Amino acid sequence: MAFPERIVIGTRGSTLARTQTAWVVAALKGGHPGLDVREQVISTTGDRRTDRPLPEIGGKGLFTAELETALLDGDIDAAVHSMKDLPTELPDGLCVGAIPARESPFDALISADGVLLRDLPRGAKVGTSSRRREAQLLAARPDLRIESIRGNLDTRIRKLHQDDWDAIVVAAAGLARLGRLEEATEVLTPEKMLPAVGQGALAIQTRVDDDSTAAALAVIHDAHAARGVAAERAFLHALGGGCHVPIAGLAEVAVGKDALALRGLVAAPDGTRDVRGSRTGDSPEDVGRQLAQDLLDRGAAALLAEADA
C-alpha cells in the first residue's frame with residue numbers, strides 16, 4: 001500500500017490537544033521520513049461552551065463533531081481525539097484508524113494545600129466536570145461539596161489556585177503529557193476511583209475508505225492498548241451510557257498474552273449506590289458485553305434509568 005505524500009491532522013485548540021497532536025505528528029514523521037504531516041486546528045462546541053456542565057449541553061460528541069465533519073468533508077485526513085471523548089457509535093464513513101500506546105488511565109487529585117483526598121477538610125469544595133468522578137468522590141467522602149469546573153486543563157489548574165477551590169480531579173494522562181504530573185497531590189488508584197472508559201488513550205480517526213492514511217498510521221498503532229480500549233468501549237456501548245451517567249471501566253491486558261481482565265462500575269449520581277463487577281476472557285468485545293449484562297442484571301439498569309431521568 002502506497003503512503004500519501006501529505007497527511008493533514010485535525011486537532012482541538014487547547015494546549016493539551018495540541019501537545020497530543022504534536023506527538024502524533026512527530027511519531028508519524030519518525031516512522032515515515034519525508035512524509036509531509038500538517039496540523040489544522042478546529043474549534044469544537046465543547047471548547048467554546050465552558051459556562052455550563054457537559055451533561056447540560058449535550059455531552060456526546062461535544063469535543064468531536066466539528067472534527068468529524070471536517071474529516072468527512074475531506075478538509076483533513078485524520079483527527080486526534082482523547083479516546084474518552086469519542087462516542088462509541090461513530091458516523092458512517094469514519095473509523096478509528098490507530099490507537100497509540102496508552103498513557104496512565106488513572107485520575108489525579110490536585111489539592112490547593114497539598115493534602116490527600118482522605119485528608120481534605122470536611123465540606124471541602126472539589127471541582128470536576130465528570131459525573132463519574134463526582135459519584136465516586138461522594139461515595140468515598142459524602143461530606144465533600146462537588147461543583148462543576150470547566151475549561152481546559154490549564155484553566156482548571158489556574159482556577160484551583162486563584163479561586164476558593166480546595167481541590168480538583170483531572171486525568172493523570174493530561175498532566176503527564178503536559179509535563180505537569182508532579183503537580184498531582186495524589187494519583188487515585190482504581191480502588192479509590194475507577195477511571196473513564198478509554199481514559200489515557202488517544203484515538204486517531206480516519207475515513208473508512210482512506211486506505212493509504214490507514215497504512216501510514218499503522219506505525220503508531222499499539223495492539224496492546226487497542227485490546228484494552230476495545231473491551232472498555234464494548235462495555236460502555238452495551239450499557240448505552242453517555243457522559244451524564246456515572247459509568248467507569250478499566251481493562252488490564254497482560255503483555256504477550258491473550259487474556260484480559262475488565263472491571264466496571266455503574267453508580268447513582270449522588271454516590272449512594274453502585275453496581276460493580278469484573279470479567280476476564282480472550283475476546284475484548286465479548287468480555288465488555290458480558291460484564292455490561294452482568295451489571296444490568298444486578299441493578300445497573302435501574303441506576304441508568306435514574307440518571308437518564
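Here are the numbers:
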read-out	value
Any hit, segment 176-187, residues being of a type in the set (Asp, Glu) and assigned to a helix (DSSP H, G or I)	yes
Filter result (hydrophobic (A, V, I, L, M, F, W, C) and touching a strand residue (DSSP E or B) at 6+ places or on another chain (Cβ under 9 Å)) within segment 121-145	ALA124, VAL126, ALA135, LEU137, LEU138, ALA139, LEU144
Elements of type strands (runs of 3 or more DSSP E) in segment 54-147, at least 2 residues being free of Cβ contacts under 8 Å to residues at least 24 places away in the same chain	145-147
Some residue of segment 50-62 being hydroxyl-bearing (Ser, Thr, Tyr), modelled with pLDDT under 90 and farther than 23 Å from ALA201 by Cβ	yes
Segment 9-32: number of residues that are assigned to a helix (DSSP H, G or I), under 15 Å from ALA78 (Cα atoms) and touching a residue at least 12 places away in the same chain (Cβ under 8 Å)	10
Helices (runs of 4 or more DSSP H) wholly inside segment 203-309 containing at least 1 residues that are within 16 Å of the chain's Cα centre (by Cα) and modelled with pLDDT of 95 or more	223-239
Hits in segment 1-18 - residues which are surrounded by 15 or more Cβ atoms within 10 Å (Cβ to Cβ) and more than 17 Å from LEU67 (Cα to Cα)	PHE3, PRO4
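Table: residues versus (1) among the β-branched types (Val, Ile, Thr); (2) surrounded by 17 or more Cβ atoms within 10 Å (Cβ to Cβ); (3) within 30 Å of ILE7 (Cβ to Cβ); (4) not assigned by TED's automatic domain parsing to the domain that holds VAL96.
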| position | (1), (2), (3), (4) |
| --- | --- |
| SER212 | no, no, yes, no |
| GLY249 | no, yes, no, yes |
| VAL275 | yes, yes, no, yes |
| GLY288 | no, yes, no, yes |
| GLN293 | no, no, no, yes |
| LEU296 | no, yes, no, yes |
| GLY299 | no, no, no, yes |
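The values are calculated or read from the model by the stated rules, or taken from the named source; none is laboratory data. Note that the structure is a prediction, hence the values are computed from the model and not measured. Please note: Cβ atoms are built from the backbone with ideal geometry, for glycine as well, and neighbour counts cover all protein chains shown.
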